[in-house]
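Q: Quick one: this structure, given as structure tokens, is what I'll be asking you about.
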Amino acid sequence: MNSIMENIDVKELPAKRREIEEALKNNNLPIAAGMIQEYLKEFNNVELNIAVTGETGSGKSTFVNAFRGMKDNDDGAAPTGVVETTMEAKAYSHPKYPNMQVWDLPGIGTATFKPEEYLQKVEFDRFDFFIIVSSERFRANDISLAKEIQKMKKNFYFVRSKIDNDMRAEERKEKFDKAKTLETIRQYCIKGLEDQGLGSPKVFLISGFDLGLYDFPDLEETMEKELPDHKRCFMRGYTPPLERCCRSSKCTVC
């Protein structure tokens, strides 16, 4: 029994899992086994919905594809183009995480998706958290989206896309300093967002064509840390804590 309890981190257990802990403490193994089985069933059915939003032309669809480990011309990739291609919110499954849905949302601020109608049209409140993408500077529509997300008490991140384009332009200048250029862009974005009353925004500089070059690893790590406990496992790729403890005790449930 002690080996089971040692494998459970009490701090990360929500109310339902605390009931399992109590049953284990009281040696009610059949009851605990049933609870664990129910928990695992619910865990396997949990879906994580990530919304990628921003203005048309910001590189949202390319980011969606890159996030899923795909190129724009791969089968099953989100459509991309030089004109508006995303006309409705569409979910794309992640190849590594079957229960993760990455949503490519239409661009805000077009004739089809006016700012005052956007939130209702894309059903903004159904998503777990948001990635706001901009290819240049964050504009009024991006700020409005962020403030609405704050009202819902959900997390969001700003992604400054197409950084590779900026770096190629800057490389032509004398005394080019890559690290300094990146930090200049980052601080410019952060200050602009802070001036709009968004506190201390998190800004990630990303190239959709080479995720390893800039801030994408930091984005993944931040997402993992800030997801709700019951959805964090998607990013970690590990077995739920109760399943691990169940197996360690040679329980017949798993």
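Q: List the pairs whose first member sits in the range 154-177 and is on the phi > 0 side of the Ramachandran plot and assigned by the TED database to the domain that holds LEU193, whose second member is open to solvent by less than 50 Å² (accessible area, probe 1.4 Å) and not in a loop (DSSP other than H, G, I, E, B), and whose Cβ atoms are under 9 Å apart, counting only residues at least 6 apart or on separate chains?
A: Listed by first residue and then by second, the contacts come to LYS162/THR62.
Yes/no per residue for (1) open to solvent by less than 80 Å² (accessible area, probe 1.4 Å); (2) within 15 Å of PHE138 (Cα to Cα):
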{"site": "LYS175", "(1), (2)": "no, no"}
{"site": "CYS189", "(1), (2)": "yes, yes"}
{"site": "ASP195", "(1), (2)": "no, yes"}
{"site": "LEU205", "(1), (2)": "yes, yes"}
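Q: Restricting to the range 100-159, what's the tally of residues that are assigned to a loop (DSSP other than H, G, I, E, B), of a type in the set (S, T, N, Q) and modelled with pLDDT of 85 or more?
A: 1
Q: Within the bounds of the range 112-135, is there any residue that is touching a Leu at 6+ places or on another chain (Cβ under 6 Å), free of Cβ contacts under 8 Å to residues at least 60 places away in the same chain and among the hydrophobic types (A, V, I, L, M, F, W, C)?
A: no
Q: Can you find a residue in the range 237-245 that is modelled with pLDDT under 80, under 15 Å from the mean Cα position of the chain (by Cα) and open to solvent by 40 Å² or more (accessible area, probe 1.4 Å)?
A: Within the range 237-245, one or more residues are modelled with pLDDT under 80, under 15 Å from the mean Cα position of the chain (by Cα) and open to solvent by 40 Å² or more (accessible area, probe 1.4 Å).
Q: Can you find even one residue in the range 13-32 that is hydrophobic (A, V, I, L, M, F, W, C) and either at pLDDT 80 or above or loosely packed, with under 14 Cβ neighbours inside 10 Å (or both)?
A: For the range 13-32, residues hydrophobic (A, V, I, L, M, F, W, C) and either at pLDDT 80 or above or loosely packed, with under 14 Cβ neighbours inside 10 Å (or both): present.
Q: Kindly provide the set of residues from the range 179-207 that are part of a loop (DSSP other than H, G, I, E, B) and free of Cβ contacts under 8 Å to residues at least 60 places away in the same chain, ordered by number.
A: ASP195, GLN196, GLY197, LEU198, GLY199, SER200, PRO201, LYS202, SER207
Q: Could you please tell me which pairs satisfy a Cβ distance under 8 Å, a separation of 6+ or placement on different chains, a first residue in the range 50-73 that is without any contact (Cβ under 8 Å) to a residue 60 or more places away in the chain and assigned by the TED database to the domain that holds PHE127, and a second residue that is in a helix (DSSP H, G or I) and buried (at least 19 other Cβ atoms within 10 Å of the Cβ)?
A: Pairs that qualify, where the first residue is without any contact (Cβ under 8 Å) to a residue 60 or more places away in the chain and assigned by the TED database to the domain that holds PHE127 and the partner is in a helix (DSSP H, G or I) and buried (at least 19 other Cβ atoms within 10 Å of the Cβ), are LYS71/ASN65; ASP72/SER61; ASP72/THR62; ASP72/ASN65.
Q: Follow-up. Kindly indicate whether any position in the range 83-98 is among the hydrophobic types (A, V, I, L, M, F, W, C), touching a residue at least 40 places away in the same chain (Cβ under 8 Å) and part of a loop (DSSP other than H, G, I, E, B).
A: So far as the range 83-98 goes, no, none of its residues is among the hydrophobic types (A, V, I, L, M, F, W, C), touching a residue at least 40 places away in the same chain (Cβ under 8 Å) and part of a loop (DSSP other than H, G, I, E, B).
Q: Which condition number in (1) open to solvent by 60 Å² or more (accessible area, probe 1.4 Å); (2) under 16 Å from the mean Cα position of the chain (by Cα) is the one that ASN165 fails?
A: (2)
Q: Are any of the residues in the range 87-101 among the aliphatic types (A, V, I, L, M) and open to solvent by 40 Å² or more (accessible area, probe 1.4 Å)?
A: yes
Q: Conditions first: (1) surrounded by 19 or more Cβ atoms within 10 Å (Cβ to Cβ); (2) more than 18 Å from the chain's Cα centre (by Cα); (3) of a type in the set (D, E, K, R). ARG137 passes all but one, so which condition is the exception?
A: For ARG137, the exception is condition (1).
The values are calculated or read from the model by the stated rules, or taken from the named source; none is laboratory data. Computed from a prediction, not measured in an experiment: that's the story for all the values here. Please note: Cβ atoms are built from the backbone with ideal geometry, for glycine as well, and neighbour counts cover all protein chains shown. The protein model used for the area step is the full one, side chains on, heavy atoms only, and it has no ligands, DNA or RNA in it. Shrake-Rupley method; radii C 1.70, N 1.55, O 1.52, S 1.80 Å.
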